[in-house]
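Engineer: Have a look at this one.
The values are calculated or read from the model by the stated rules, or taken from the named source; none is laboratory data. Keep in mind that this is a model prediction, so the values were computed, not measured. Note: ideal-geometry Cβ built from the backbone for every residue, glycine included; neighbour counts use all protein chains shown. Just so you know, the surface numbers come from the protein's heavy atoms only, side chains and all, with ligands and any DNA or RNA stripped out. Shrake-Rupley method; radii C 1.70, N 1.55, O 1.52, S 1.80 Å.
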Amino acid sequence: MSRPLYVTRPLLPDLGDVNAMLGEIWRTQFVTNGGPFHEKLESALKETLGVPTVELFNNGTIALLVALKLFGLPPGSEVITTPLTFAATAHSIHWNGLRPVFADVSPDTLTIDPASVEKAITPMTSAILGVHVYGTVCDVDALQNIADRHGLRLIYDAAHAFGTTINGQPVAVFGDASVFSFHATKLFTTLEGGAIATPRSADHEMIYFLRNFGIKSEEEVVSIGINGKMNEVQAAIGLLNLPKAPVEREARTRLRAKLDAALSGLPGIGLQPVQSGVGQSEQYYPVVINADIFGRSRDAIYTALKERGILSRKYFHPICTDFAPYRGFPIVSTRNTPYVSEVKSQVLCLPFFSGVKDEDVEDIRAVFHGT
Ligand code: T4K
């Protein structure tokens, strides 16, 4: 049993393999700006993500910034998103000179609630930014329907949805663009990194320019781009990790079954929903703890776990509207009190990676069962 037990640990390739890749980078001295490993990883990810356009980035946040830039949304227009997400989602809207508008989440999935999205639409709305939070997918059909009827762009923050499928289709075929994070805490990692994936091959060129200062040739800058490039060391780690990701996912699927068995049936404990037709990314293992029914609060469980060296995380509490820059931003909901305001004090992400042992699961079980 290893303590502390973190919420996750990075998937790291064999050091010998990394050294061999580093040797190659040192030999060619191409360390960034679209070197051979970068090109290889980009091609491989087109296969994995099942879409014609995949552009690598130095992290998921810059990829989000560029994805929002891609569609030329009118300055000052509104982008509807969820407050139950990592700060980067809302920040990327703001950094684009757009206004984040927060909509409630659905109680069954904790993803953005389509009815609340519809209620939040104004003449200023230009896009919806959904988040497949914890790997639970948004209601992609309902959101597309809303986007189509109102002429809105539909972008997904798919930071938690690497490898997710919906009725056999890769998650990135839905919406106008999907943004992935390859941060160390993500199942597939390049240490830091990310990607924009879109279902249209025509997007490739524009994203390519936006990622690289808008440079088209030595003497031509065609757009106001940024530096979002992934370097060769990141790409090499990605190439080594790519075949390991499905193995890690399978281990997590087995772990999920064990955690489910340990916690299911406890009154007041809600497990992550099993979505029909969805192939899980296995990114996070969130539970929803209803203190009124369970008898103990999320924070009490968090502390009890911590006392045993088990470091769960309250992702994503505080929610975005609790952060100073967004305080006072309303949460549009079809309910009197937004569900997200309630559930934010109830969600807890438990350690979820292949290094979690049976005795760790037993310890977690003991904390929840109070034994
Ligand atoms: N959209 C969404 C929905 C996201 O969740 C994220 C990122 C983004 C966009 C932006 O993507 P990036 O720009 O990051 O690519 C972490 C990550 O830093 C962040 O990437 C992630 N979401 C967020 C949910 O979690 P923290 O503050 O929880 O990280 P930290 O350092 O506390 O790490 C958590 C645990 O992981 C540690 O206790 C131990 C373990 N760990 C972490 C790192 C960094 C390691 O074992 N090794 C490591 O190197 O934010």
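Engineer: Collect the residues in the range 156-212 that are within 24 Å of Pro10 (Cα to Cα) and more than 16 Å from the ligand (Cβ to nearest atom), keeping them in residue-number order. Quick ask: steps written out before the conclusion?
Structural biologist: Residues of the range 156-212 within 24 Å of Pro10 (Cα to Cα): 156-165, 170-172, 178-197.
Listed by number, the residues that qualify are Thr165, Pro170.
Engineer: Now for a separate question. I need a count of the residues in the range 49-71 that are within 16 Å of Val171 (Cα to Cα) and among the β-branched types (Val, Ile, Thr).
Structural biologist: 3
Engineer: Take the range 100-129 and flag every residue that is buried (at least 17 other Cβ atoms within 10 Å of the Cβ), out of contact with any His (no Cβ under 9 Å at 6 or more places or on another chain) and of a type outside the set (A, V, I, L, M).
Structural biologist: Listed by number, the residues that qualify are Phe102, Asp104, Ser106, Thr109, Asp113, Pro114, Ser116, Ser126.
Engineer: I'm trying to understand the selection: among the residues of the range 252-267, which are touching an Asp or Glu at 6+ places or on another chain (Cβ under 9 Å) and surrounded by 15 or more Cβ atoms within 10 Å (Cβ to Cβ)? Walk me through how you get there before you give the answer.
Structural biologist: As a first pass, look at the range 252-267 and keep what is touching an Asp or Glu at 6+ places or on another chain (Cβ under 9 Å): 252-253, 255-256, 258, 262.
Answer for the range 252-267, where residues must be touching an Asp or Glu at 6+ places or on another chain (Cβ under 9 Å) and surrounded by 15 or more Cβ atoms within 10 Å (Cβ to Cβ): Arg252, Leu255, Arg256, Lys258, Ala262.
Engineer: Just give me the residues in the range 35-58 being open to solvent by 50 Å² or more (accessible area, probe 1.4 Å) and in a loop (DSSP other than H, G, I, E, B), in sequence order. Reasoning before the result, please.
Structural biologist: As a first pass, look at the range 35-58 and keep what is open to solvent by 50 Å² or more (accessible area, probe 1.4 Å): 36, 39-40, 43, 46-48, 52.
Residue satisfying the conditions is Pro52 alone.
Engineer: Among the numbered conditions (1) crowded, with 24+ Cβ neighbours inside 10 Å; (2) within 16 Å of the ligand (Cβ to nearest atom), tell me where His94 comes up short.
Structural biologist: (1)
Engineer: Looking at Ala63 and the list (1) more than 11 Å from the ligand (Cβ to nearest atom); (2) closer than 16 Å to Phe182 by Cα; (3) surrounded by 24 or more Cβ atoms within 10 Å (Cβ to Cβ), which single condition is not satisfied?
Structural biologist: (1)
Engineer: Moving on. Determine if the range 25-34 includes at least one residue that is open to solvent by less than 10 Å² (accessible area, probe 1.4 Å), touching a residue at least 24 places away in the same chain (Cβ under 8 Å) and either closer than 24 Å to Gly225 by Cα or within 12 Å of the ligand (Cβ to nearest atom) (or both).
Structural biologist: Step one: filter the range 25-34 for residues open to solvent by less than 10 Å² (accessible area, probe 1.4 Å), giving 25.
Adding the requirement that they be touching a residue at least 24 places away in the same chain (Cβ under 8 Å) leaves 25.
Applying the additional criterion that residues be either closer than 24 Å to Gly225 by Cα or within 12 Å of the ligand (Cβ to nearest atom) (or both) yields none.
Taking every residue of the range 25-34 in turn, none turns out to be open to solvent by less than 10 Å² (accessible area, probe 1.4 Å), touching a residue at least 24 places away in the same chain (Cβ under 8 Å) and either closer than 24 Å to Gly225 by Cα or within 12 Å of the ligand (Cβ to nearest atom) (or both).
Engineer: May I pose another question? On the given criteria, is Leu68 under 20 Å from the mean Cα position of the chain (by Cα) and in a loop (DSSP other than H, G, I, E, B)? Even if it seems obvious, please write down each step before you answer.
Structural biologist: Working: under 20 Å from the mean Cα position of the chain (by Cα): yes; in a loop (DSSP other than H, G, I, E, B): no.
No.
Engineer: Just need a number here: residues in the range 82-101 that are in contact with a strand residue (DSSP E or B) (Cβ under 7 Å, 6 or more places away or on another chain) and more than 24 Å from Gly270 (Cα to Cα).
Structural biologist: Initially, the range 82-101 is screened for residues in contact with a strand residue (DSSP E or B) (Cβ under 7 Å, 6 or more places away or on another chain), giving 82-85, 89-90, 93-94, 98-101.
From the residues that got through so far, the ones that are more than 24 Å from Gly270 (Cα to Cα) too are 89-90, 93-94, 98-101.
Looking only at that region, the number is 8.
Engineer: Only one of His160, His150 is under 23 Å from Glu250 (Cα atoms) and not aliphatic (A, V, I, L, M); which?
Structural biologist: Details: His150 fails: under 23 Å from Glu250 (Cα atoms).
When all the criteria are applied, what remains is His160.
Engineer: Anything in the range 7-33 that is touching a Phe, Trp or Tyr at 6+ places or on another chain (Cβ under 8 Å) and not in a helix (DSSP H, G or I)? List them, or say none.
Structural biologist: Val7, Thr8, Arg9, Leu11
Engineer: When you go through Asn241, Asn231 one by one, which is the residue that is open to solvent by less than 20 Å² (accessible area, probe 1.4 Å) and either touching a residue at least 12 places away in the same chain (Cβ under 8 Å) or over 30 Å from Asp17 (Cβ atoms) (or both)? Full working, then the answer.
Structural biologist: Working: Asn231 fails: open to solvent by less than 20 Å² (accessible area, probe 1.4 Å).
So the residue among Asn241, Asn231 that is open to solvent by less than 20 Å² (accessible area, probe 1.4 Å) and either touching a residue at least 12 places away in the same chain (Cβ under 8 Å) or over 30 Å from Asp17 (Cβ atoms) (or both) is Asn241.
Engineer: Go through (1) over 30 Å from Val367 (Cα atoms); (2) touching a Ser or Thr at 6+ places or on another chain (Cβ under 8 Å); (3) of a type outside the set (D, E, K, R) and name the single condition Gln272 misses.
Structural biologist: Failed condition: (1).
Engineer: So Gly130 passes all but one of these: (1) away from the ligand (no atom under 16 Å from the Cβ); (2) among the small types (Gly, Ala, Ser); (3) closer than 13 Å to Thr81 by Cβ. Which condition number does it fail?
Structural biologist: (1)
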